[in-house]
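Okay, so here's the structure we're looking at.
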2 protein chains.
Amino acid sequence: MTLSLLDRTSVLPLYYQIQQGLLDQIRSGTLKAGDAVPSEQEIAERLGVSRMTARQALKSLRDIGVTYTERGRGTFVSANKLEKNIRQVLSFTEEMAARGLRASSKVLSFETVQAGEEIAAALHIQKGDTLFKLQRIRMADKSPMGIECSYIPQHLCPDLLKTFDPAASLYRTLSERYGVRMTVADEVVEAALVSAQDARMLQIPRGSPVFVFTRVSRVQSGQAVEYVKSTYRADRYKITHRLTRLNQELLTK
Amino acid sequence: MTLSLLDRTSVLPLYYQIQQGLLDQIRSGTLKAGDAVPSEQEIAERLGVSRMTARQALKSLRDIGVTYTERGRGTFVSANKLEKNIRQVLSFTEEMAARGLRASSKVLSFETVQAGEEIAAALHIQKGDTLFKLQRIRMADKSPMGIECSYIPQHLCPDLLKTFDPAASLYRTLSERYGVRMTVADEVVEAALVSAQDARMLQIPRGSPVFVFTRVSRVQSGQAVEYVKSTYRADRYKITHRLTRLNQELLTK
DNA sequence: TTGTACTAGCTGTCTATACAACTAGACGTG
DNA sequence: CACGTCTAGTTGTATAGACAGCTAGTACAA
């Protein structure tokens, strides 16, 4: 077992360098599923760091699920793969890229509207507040994948109507121009039959199955910043995600 | 701001007691969304622990998403709710209970079969290895919710055919009798039209939309232990889940 | 053979301390 | 008013050490 040496002049923290070194070895297959990762002691001695620093590096690997720990035995590489295409908060462009497809969009409408009951409740704003409404057809490799309709409170990005280039990524614009970075989202997924109107736009037969997503995206503070309703073709689109078992003690009480 | 005192004679770690104390205050509304949580310093002084212990408690809260941190400013309560019914690895019984429904099952078949190509690949076993196959209709409040078919390698639980009471929970039996605790699962979700046969069993019209789940459940080490294929009624069943944005640095390389 | 005691090695928890990096506000100067 | 400077408070990183609790193996005794 080799451990790459640390760059003590780097701005990158030591625990992060250690984490990345181990991750490299796991990705490259030097460390295989089931193998023992070097112990905290060993890392500490070999790299000349304190045990707590080594521990922090190992903990970060465990947190993302690539290793697991058995008390009194050691830390081992898990057989869980770091999959790029597990469902997470991504822009459509990013998500299609992860699937190896080229994303594009066709804007159907882009306007301001007044918030109705449901959206106001979801976004924690007043009924009647002004929202941007952006409706797009989402295309992957030039054929339609879904219809998406986003609502965003105007006060978060007052001049969006002027500054937003519909060809660009909405998420990127919000992040770069307004500092609004969505990091968590709650989503309800339904399976349904496509409506006649949607069937035309999606170029699928009437009565085809579709996914209907209702998503509320949030920033780090938990503040809801986007309400999205979308309809995706079930013949082209599948959901791939990873479930974990949460700590029951935290939820039940 | 009050902080409940610690029990130094308890087997529960100090950081855990602190975490629970803060969690109680958040749940009870004493600490509301956006409020500042006591700083590491303050917790350390008031409870007589070291700063690193206080830090560990705060980090555990951040990890589960109930707080977030701004460097140089402090730690704050997030508006994310700890929801019971976000999608996670649960037995059917547990999941229905979280939705306020009473689960029951009807066993259609319970037998051993030889693994085919697809399942062998998913479970990392040899084609032809012996599997238990358990096919059930899942009922919620006495009406059908879905059809589920589980495959489990025989070597994990050799005498399951004899010991398993079909009225009991498969997950609980595996956990208690064989120490097989599934903690993570990868799932593919499709939307489709119900087959004629399934429509009869689910008591829904032909051509209704359904969810089709293909799930591989794993234990902590990442070893796959269960392959499940299920068909759920879309008129009664919705998916509710929480997405997060993963650290891109970890995935892209 | 069975069980007990011991040991080496591992992770889990906790302390005490230090310095770096950042935020927000107060204060003074031009 | 605008712009630095300073300071108090906060989180981030890192060190060195201590003891508890668990695992797996070894050695020894009954």
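For the reader, a short list of remarks on this structure follows.
- Just so you know, the Cα atoms of segment B:92-233 work out to an Rg and Dmax of 15.1, 42 Å.
- Value of relative contact order over chain B, rounded to a whole percent, pairs C-alpha under 8 Å and six or more apart: 13 percent
- Of the trypsin sites (Lys or Arg not before Pro) found in segment B:151-213, the ones in coil according to DSSP and having at most 12 other Cβ atoms within 10 Å of their Cβ are B:Arg206.
- Interface area, B with A, accessible, probe 1.4 Å, both sides summed, Å² nearest 100: 5100 Å²
- In angstrom, the C-alpha Rg and Dmax of segment A:1-128 are 22.1, 63.
- Other-copy label distances relative to A:Lys127, 7 angstrom Cα-Cβ extension, nm: 6.2
- Ascending list, in nanometres, of distances separating the A:His155 label from those of the other copies (7 Å, Cα toward Cβ): 6.2
- Listed values for segment A:37-45 are Karplus-derived 3J(HN,Hα) couplings in whole Hz (6.51 cos²θ - 1.76 cosθ + 1.60, θ = phi - 60°), namely 7, x, 6, 4, 3, 4, 4, 4, 5, and x replaces Gly and Pro.
- Taking only protein heavy atoms and a 1.4 Å probe, the accessible area of segment A:1-61 is 54% carbon and sulfur.
- Solvent-accessible surface ranking, highest first, for B:Lys84, A:Lys238 at 1.4 angstrom: B:Lys84, A:Lys238
- B:Gly48 label point (Cα plus 7 Å toward Cβ) to equivalent points in the other copies: 4.1 nm, shortest first.
- Heavy-atom accessible surface of segment B:14-77, averaged per residue, reaches 51 Å², computed with a 1.4 Å probe.
- Take segment B:92-233 with all the other protein chains still there, run a 1.4 Å probe, and you get 47 Å² of accessible area per residue.
- With coordinates expressed along the principal axes, the C-alpha atoms belonging to segment B:153-241 extend over 41, 29, 20 Å, beginning with the largest.
- Shielding of A:181-190 by partner chains, average beta-carbon count, 10 Å: 6
- For chain B, convex hull of alpha carbons as volume per residue, Å³: 185 Å³
- Environment charge at A:Ile137 (Cβ cut-off 12 Å; Lys +1, Arg +1, Asp -1, Glu -1): +4
- Taking every Cα-Cα distance in segment B:1-47 and sorting them into 10 Å bins from zero, the calculated P(r) comes out as 25, 56, 18, 1 percent.
- Sum of -39500 (n - 2.57) over DSSP H runs of 4+, divided by residues of chain A (222 nm, nearest 500): -8000 deg cm²/dmol
- Taking one quarter of the surface of the C-alpha convex hull of the protein assembly as shown gives a mean projected area of 27.2 nm².
- Neighbours of B:Glu111 by Cβ distance under 14 Å: Lys/Arg scored +1, Asp/Glu scored -1, total +3.
- Residues in segment A:51-81 that, when all protein chains are in place, have 50 Å² or more less accessible area than the chain alone would give (probe 1.4 Å): A:Tyr68, A:Asn80
- Stokes-Einstein translational diffusion, segment A:14-77 - Kirkwood Rh over all Cα pairs, 1.567 mPa s, 4 °C, in µm²/s: 113 µm²/s
- Value of Rg to Rh for segment A:124-181 (Rh from inverse mean 1/r over Cα pairs, i.e. Kirkwood): 1.01
- In sequence order, segment A:16-27 has phi-based couplings of 6, 5, 5, 4, 5, x, 5, 4, 4, 5, 6, 5 Hz under the Karplus curve 6.51 cos²θ - 1.76 cosθ + 1.60, θ = phi - 60°, and Gly or Pro positions carry x.
- Summing charges over neighbours of A:Val66, with a neighbour being any other residue whose Cβ is under 10 Å away from its Cβ, gives +2 when K and R count +1 and D and E count -1.
- Carbon plus sulfur fraction of accessible area for segment A:92-233, probe 1.4 Å, in percent: 47 percent
The values are calculated or read from the model by the stated rules, or taken from the named source; none is laboratory data. Predicted, not measured: the structure shown is a model, and the values here were computed from it. Backbone-built Cβ (ideal geometry, glycine too); neighbour counts: all protein chains shown. Protein only, heavy atoms only, side chains kept; ligands, DNA and RNA dropped before computing areas. Shrake-Rupley method; radii C 1.70, N 1.55, O 1.52, S 1.80 Å.
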